[in-house]
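Enquirer: Here it is, the structure, as structure tokens.
The values are calculated or read from the model by the stated rules, or taken from the named source; none is laboratory data. Computed from a prediction, not measured in an experiment: that's the story for all the values here. As a convention, Cβ positions derive from the backbone with ideal geometry for all residues, glycine included, and neighbour counts pool all protein chains shown. For accessibility, only protein heavy atoms count, side chains too; no ligands or nucleic acids. Shrake-Rupley method; radii C 1.70, N 1.55, O 1.52, S 1.80 Å.
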Amino acid sequence: MFEQDPIMRQIHDIIKAAAKMMHMNVDIKSEHLVQIEDLQVQQTTGELLKQLDDGDINEAENKLYEMLEHPTMDMLHAGIAFYAHLDELEDDFLLANDFSREEVEDGKAHLLAVYGLSGMGESFFEA
């Protein structure tokens, strides 16, 4: 019955995504990019990922934060894809572009907090 309720299934998917994001033991960027339904959010997310690759990390994160002022499921998927992509970048690249691994973790925590999921990532996989 739980899995048949669309809202409960969506909550389960959010928690699962948050847990994956916090542990980053799987590649989830593409999975979340394809789940973005709003074409404008999809396009903007692609532009943000390009900015990351170009080293304009702080500006890209600022734009993401602006987008999160109006949180939607699409924005959650965009944020997860954004931080998954940041996690793929080498530490040397981040530092050369005035960003740190700690800032990546802070950004993930901020994203989860926007959706009321603070701490959910870690507790989801507790044994």
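Enquirer: When only DSSP loop residues count, what GluC sites (Glu not before Pro) in region 50-91 have their Cβ near at most 11 other Cβ atoms within 10 Å?
Expert: When the GluC sites (Glu not before Pro) of region 50-91 are filtered for loop state and at most 11 Cβ neighbours within 10 Å, Glu69, Glu90 remain.
Enquirer: Still on this structure: Grab the other residues whose beta carbon is less than 9 angstrom from that of Leu94, score K and R as +1, D and E as -1, and report the net. Mind showing how you got there, number by number?
Expert: Numbers: positive: Arg101; negative: Glu90, Asp91, Asp92, Asp98, Glu103.
Summing Lys/Arg as +1 and Asp/Glu as -1 gives -4.
Enquirer: Which of the listed residues, Phe93, Ile80, Val41, is farthest toward the dipole's positive end in region 33-105, when Lys, Arg count +1 and Asp, Glu count -1 at the beta-carbon?
Expert: My answer, from the dipole projection, is Val41.
Enquirer: I would also like to ask the following. Please list, in order, the residues from region 56-77 whose amide nitrogen is less than 20 Å from a point placed 7 Å along the Cα→Cβ vector of Phe93.
Expert: Zone members listed by number: 56-64.
Enquirer: Another one. Tell me, what ³J(HN,Hα) does each residue in region 45-53 have, in order and in whole Hz, if you take phi through Karplus 6.51 cos²θ - 1.76 cosθ + 1.60 with θ = phi - 60° and put x for Gly and Pro?
Expert: Taking θ as phi minus 60°, the curve returns 4, x, 5, 5, 5, 5, 4, 4, 4 Hz for region 45-53.
Enquirer: OK, next. Quick one: ranking Tyr65, Tyr83 by accessible area, 1.4 Å probe, largest first, what do you get?
Expert: I get Tyr65, Tyr83, largest accessible area first.
Enquirer: Moving on to the next point. Assuming R0 = 30 Å, can you tell me the calculated FRET efficiency for the pair Asp53 and Ser118, based on Cβ-Cβ distance, to the nearest 0.05?
Expert: Taking R0 as 30 Å, the efficiency between Asp53 and Ser118 is 0.55.
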